[in-house]
Amino acid sequence: ASRYSAPMGLASFRLWWVAAFIVAAACSSQRVVPELLEPLVDRTVTFQEILSAPESYQGKVVVLGGVVLKAKRLKGGTQIELLQLPLDKRERPILDRQQSQGRFLAIRQDFLDPATIVEGSAMTIVGEVSGAKIDYLDVVEYQYPVVTIKHIHPWPARSYDNAQPRPRFSVGLGGRTGVGV
């Protein structure tokens, strides 16, 4: 055999399968909605329905996605203002702002430092609809649907931005492996 087509040894072959299994398991095990909350979620309620009549859906647990516009500290917790975005089949926000149907507020009952919530970052929120809040959006009054956060799933920027470095794993011929960034 030429030096370019050397047969893979049994140890290298096994290592490759172990690495493939670990990567597949890591990718498939990530749940956006925690198992304990799943039975509480009402997936029939749309954001458009909540936006048009938030009081009608009080107490409903929903899954909403979006990008962070701003976050601020409140006396009893933290408020995150999000631009709503539709979710894909993995419940990750689709980053096309033109598909947004509006804004909403997500309230966390305990302290979450607003400095740790990056503007423009994507997140999926599992929350209980708790009504609406009238506030100003620039110079116009805007009715924000409000959800009380039960679970936040932030999405790392690298999953959306191809310019970010990603870990690489390779299995070379002759049993060598390499890990890099």
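The values are calculated or read from the model by the stated rules, or taken from the named source; none is laboratory data. Only a predicted model underlies this, so the values are computations on that prediction, with no experimental measurement involved. Reconstructed Cβ throughout: ideal geometry from the backbone, glycine too, with neighbour counts over all protein chains shown. Just so you know, the surface numbers come from the protein's heavy atoms only, side chains and all, with ligands and any DNA or RNA stripped out. Shrake-Rupley method; radii C 1.70, N 1.55, O 1.52, S 1.80 Å.
Descriptive notes on the structure:
- Some residue of the stretch 49-60 being crowded, with 18+ Cβ neighbours inside 10 Å, under 25 Å from Ile117 (Cα atoms) and in contact with a Leu (Cβ under 7 Å, 6 or more places away or on another chain): no
- Count of residues meeting criterion [open to solvent by less than 50 Å² (accessible area, probe 1.4 Å) and either farther than 20 Å from Tyr142 by Cα or of a type in the set (Val, Ile, Thr) (or both)] in the stretch 62-75: 4
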